[in-house]
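Visitor: Encoded as structure tokens, here's the structure I'll be asking about.
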Amino acid sequence: MWVLGVLGLVLSCWGAGTFLMHVASSCPLAANGSALDFDLALVFNKNPLVCYDPDAWCFVPCDWGLLHPVTTQLAAVLNNGTASVQHAEAQRWACDDLAPQFWAQMVMRWTPPQARITPSKTGNARAPVLLTCPVWRFYRDCGRG
């Protein structure tokens, strides 16, 4: 993954700040619990760079801005060989196979979700307060039988 290393090196100039790169995937469900879609993307600072196209069985660039040349190379690297595509397909099939099982557990939950909103000062004049909202108990407690 030399492309990721070069991207990190270029973007991590002294004083440039902190950067975050992660893989994001989602499996939206229909009202009956079946999988509607599958999304998988390599994301840099909340910007999708490379997305998986399940219809074409390949990775494609998602960014059409300044990083487009890098995302094109990154997509080519991910498509060269089968490991990355096979991993994405395995996640897609898991979405299709496991979603109905998780859905059945979620709709059988015993209590409604609980949430708490906690404000904290940021020291930033434009956004002086940051609201944090943890949510818990949004799934069925397996111990309740």
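Visitor: How far apart, in nanometres, would the label points at Asn32 and Cys133 be if each is projected 7 angstrom from Cα along the Cα-to-Cβ direction?
Guide: So the two model labels end up 3.1 nm from each other.
Visitor: Still on this structure: Just subtract the alpha-carbon distance of Glu89 and His22 from 0.36 nm times their residue separation and send over the number in nm, one decimal. Could the numbers behind the result be given before it?
Guide: Numbers: separation 67, 0.36 × 67 = 24.12 nm, distance 1.81 nm.
22.3 nm is the gain from fully extending Glu89 to His22.
Visitor: Here's another thing I want to ask about it. Which ordering of Thr71, Thr132 is given by a fewest-first count of other beta-carbon atoms within 10 Å?
Guide: Taking fewest neighbouring Cβ atoms as first place, the list is Thr132, Thr71.
Visitor: Next question. Just want the ordering: Val23, Val77, from fewest to most Cβ atoms lying within 10 Å of their own Cβ.
Guide: Working: Val23 13, Val77 16.
The order, fewest Cβ neighbours first, is Val23, Val77.
Visitor: Could you list Arg92, Arg116, Arg126, Arg137 so that the one with the fewest beta carbons within 10 Å of its beta carbon is first and the one with the most is last?
Guide: Numbers: Arg92 20, Arg116 9, Arg126 5, Arg137 13.
Ranking Arg92, Arg116, Arg126, Arg137 by Cβ neighbours within 10 Å, fewest first, gives Arg126, Arg116, Arg137, Arg92.
Bear in mind that the values in this text are calculations on the coordinates, not laboratory data. Keep in mind that what you see is a predicted model, and the values were worked out from it rather than measured. No Cβ is skipped: glycine too gets one built from the backbone with ideal geometry, and neighbour counts run over all protein chains shown.
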